[in-house]
Amino acid sequence: MHRPTEGETHTFERTFTTEEVRQFAALSRDTQPRHTDPDPDGRLMVHGLLTATLPTKIGGDLEVLASGMEFEFRRPVYTGEPIACTWTYETVVEREGRYDLVVDTVCENGADEAVLTATIEGLVWKGERNDR
């Protein structure tokens, strides 16, 4: 378990593929044509909740148990477009057995435009837990 500290940042970057978007469309049953039929440039629009897996990947790596997530989808994301997500601990309160936290995240495209912002609330348990 890594002790979170206020101001600490973590980043993750990925580029979604056409196959990943089609798989997510099938899994989520959100099969709108924008997610299944390529645009004139051969791209698919990535589902907002698929884009939201960037901050959840960081949270998973940090063993964060989220209690609330508020997303704002600011711009569309397309297949083949690299997206970088930055996670920043805004508030960390130490309690007995856990750290309560508030996190701000910003996901940006290659033009440094925010495509997704989020506030995540949750906790990180101290030490080993058997009930995870």
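Computed values, structure above
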| quantity | calculated |
| --- | --- |
| Every residue from region 57-111 that is more than 16 Å from the chain's Cα centre (by Cα) and without any contact (Cβ under 8 Å) to a residue 40 or more places away in the chain | Val93, Glu94, Arg95, Glu96, Gly97, Arg98, Asp100, Gly110, Ala111 |
| Within region 64-122, strands (runs of 3 or more DSSP E) holding 2 or more residues that are of a type in the set (Asp, Glu) and surrounded by fewer than 16 Cβ atoms within 10 Å (Cβ to Cβ) | 65-73, 82-95 |
| Filtered residues of region 1-29 (kept if part of a loop (DSSP other than H, G, I, E, B) and more than 25 Å from Glu63 (Cα to Cα)) | Thr17, Arg29 |
| Top-ranked residue of region 1-15 - restricted to ones that are within 17 Å of the chain's Cα centre (by Cα) and either surrounded by 14 or more Cβ atoms within 10 Å (Cβ to Cβ) or of a type in the set (Ser, Thr, Tyr) (or both), ranked as farthest from Gly80 (Cα to Cα) | Glu8 |
| From Leu116, Leu101, Leu44, residue being farther than 25 Å from Thr18 by Cα and of a type in the set (A, V, I, L, M) | Leu101 |
| Within region 16-46, considering residues that are of a type in the set (S, T, N, Q) and loosely packed, with under 14 Cβ neighbours inside 10 Å, the one nearest to Cys85 (Cα to Cα) | Thr17 |
| So Leu49, is it surrounded by fewer than 19 Cβ atoms within 10 Å (Cβ to Cβ), hydrophobic (A, V, I, L, M, F, W, C) and in a helix (DSSP H, G or I) | yes |
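Quick note: the coordinates plus some simple rules give every number you see, no bench work behind them. A quick note: this is a predicted structure, and the numbers were derived from the prediction, not measured. Reconstructed Cβ throughout: ideal geometry from the backbone, glycine too, with neighbour counts over all protein chains shown.
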